[in-house]
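Every read-out reported here was derived from the displayed coordinates using simple, explicitly stated rules and does not represent laboratory data. Just so we're clear, the structure is a prediction, and the values are computed from it rather than from any experiment. Neighbour counts are summed over all protein chains in view; Cβ atoms, including those assigned to glycine, are modelled from backbone coordinates with ideal geometry.
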């Protein structure tokens with residue numbers, strides 16, 4: 001997990017911004033949400049130590065599926081991943097499961113999107129681990145990291161963040177850069193991080209607070225755009 005500053009003690013599972021009016025962006029219909037499984041869709045409760053489905057998933061995954069195609073990307077073998085997702089009542093929300101994704105760093109989101117005719121700049125990767133859930137083969141996919149510092153969020157926060165991004169640009173990289181213009185610079189978050197370097201960082205307050213980072217790693221070409229909630 002990434003640790004940014006002092007971890008808040010309260011759980012985010014029950015903290016949600018107010019629902020915004022649905023906005024249809026030019027990316028609608030061509031974007032894909034690439035969800036990690038373990039730790040993301042199925043996090044471990046820090047109190048009980050047991051795995052559970054992401055809070056709010058039953059309500060908000062179908063809502064997100066109205067504007068985006070939803071797929072699962074995981075290092076687990078595909079069949080066992082399907083069985084696990086089914087056991088937690090999540091599998092029916094997803095178009096496909098891409099398992100066995102083992103790379104030295106990140107996941108091949110670009111290759112996956114090409115195989116299903118998705119547009120990288122209109123797609124988002126959603127995971128919980130920086131090194132595992134970075135886009136390995138494209139710098140056009142923005143990554144959202146959730147469930148940090150032992151705080152499990154509600155899926156509604158992801159849905160709300162996506163609605164904010166859609167209103168701030170015709171692509172997710174464009175929206176990221178647009179939001180940084182009104183965000184607060186966070187130089188304390190810059191520097192070395194998990195083998196790479198945070199080049200720029202901001203604290204953004206739009207409905208709720210989250211961090212925005214430009215990250216570079218020597219094993220990857222280009223910069224990666226990260227949002228941490």
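Key figures for this structure:
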{"item": "Residue exposure sequence - 69, 224, 131, 111 - by fewest surrounding Cβ within 10 Å", "result": "111, 131, 69, 224"}
{"item": "Ascending count of other beta-carbon atoms within 10 Å, so fewest first, for 44, 160", "result": "44, 160"}
{"item": "GNM flexibility winner over the chain from 99, 156, 191 (Cα, springs under 10 Å)", "result": "191"}
{"item": "Among 181, 167, 107: highest mean-square fluctuation, GNM of the chain, C-alpha pairs under 10 Å", "result": "181"}
{"item": "Percent of beta bridges antiparallel (DSSP, the chain, rounded to nearest 5)", "result": "50"}
{"item": "Förster radius 22 Å - calculated FRET efficiency between residue 221 and residue 182, Cβ distance, rounded to 0.05", "result": "0.15"}
{"item": "Chain lengthening between residue 59 and residue 105 when straightened (0.36 nm per residue, less Cα-Cα)", "result": "13.4 nm"}
{"item": "Exposure proxy order (Cβ contacts within 10 Å, fewest to most) of 202, 35", "result": "202, 35"}
{"item": "GNM top mover of 155, 125, 183 - the chain, alpha-carbon springs below 10 Å", "result": "183"}
{"item": "Additional length obtainable on full extension of the chain from residue 79 to residue 209, 0.36 nm per residue less Cα span", "result": "43.1 nm"}
{"item": "Extension gain, residue 167 back to residue 199 (0.36 nm per residue minus Cα-Cα distance, nm)", "result": "9.0 nm"}
